[in-house]
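Undergrad: Handing you this structure, nothing more for now.
Any read-out appearing in this document is the output of simple, stated calculations on the displayed coordinates, not a laboratory observation. No experiment lies behind these values; they were computed from the predicted model shown. Glycine also receives a Cβ, built like all others from the backbone with ideal geometry; neighbour counts cover every protein chain displayed.
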Amino acid sequence: MNEALLQRLATLEGESQVRRLMARYMDLCDVPRALTQVRELAELFSEDAIWEGVGSQTAQTFGQHLGREAIAAFVGGYLPPSEHFRLNLHYLTSESIVVDGSTARGQWIMQQICTYAEGRSELFGTRLNIDFRCVDGAWLIAHFRTQRLFNTGLGA
């Protein structure tokens, strides 16, 4: 194969792996789930990863978390066995993934429907901007940014 074709193939494989990585992350964050696999969640991130809320409201709510273990502990703290959510579902739309060698950048609009333990339900619209890095052949999340665009209560 010629070099241009190999590069195109590597780009398509990178996009596909990033897409599967995001699907796995969202699946691990959905509720109901018997028990959160915090170790599996941690393995989706690079050792030096950053997870942060962007924008005044989101930054105040979520802050910034540095490193694979801290991120997994933070995200996992919202999931079973915690009783924070009774239902939590994530939907990704408006996908854009750009692969550049061993790095990639993705942007999505995420819709999140949740019902809290006390029974209140909300719908969120969020922009995700995420940097990825390929480490030893595996794509990992390097910098996860979430920015809330809107939220609204849902009727009972």
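Undergrad: Would you kindly state how much longer the chain becomes between Thr152 and Glu40 on full extension, computed as 0.36 nm times their sequence separation minus their alpha carbon distance, in nm to one decimal?
TA: Numbers: separation 112, 0.36 × 112 = 40.32 nm, distance 3.11 nm.
Length difference between fully extended and current span is 37.2 nm.
Undergrad: Whole-Hz ³J(HN,Hα) for each residue in the range 15-31, computed from phi via Karplus 6.51 cos²θ - 1.76 cosθ + 1.60 with θ = phi - 60°, x for glycine and proline: what do you get?
TA: Result, rounded to whole Hz: 4, 5, 5, 5, 4, 5, 4, 5, 4, 5, 4, 5, 4, 5, 8, 6, 10.
Undergrad: Sketch the reach of a paramagnetic label on Ser102 as a point 7 Å from Cα along Cα-to-Cβ, and name the residues of the range 130-148 whose backbone nitrogen lies under 13 Å away.
TA: 133-140, by backbone N distance to the label point.
Undergrad: Hey, for a label at Asn129 modelled as a point 7 Å past Cα toward Cβ, could you say which residues of the range 5-26 have their backbone N under 14 Å away?
TA: None, by backbone N distance to the label point.
Undergrad: Remind me, relative contact order of the chain in percent, using alpha carbon pairs under 8 angstrom and six or more residues apart?
TA: Reported as a whole number, the value is 23 percent.
Undergrad: Let me ask you something else. Taking the Cα-to-Cβ direction at Ala138 and at Leu89 and moving 7 Å from each Cα, how far apart do the two end points lie in nm?
TA: In this crude spin-label approximation the distance works out to 3.0 nm.
Undergrad: If contacts are Cα pairs under 8 angstrom and at least 6 residues apart, what is the relative contact order of the range 70-156 in percent?
TA: 23
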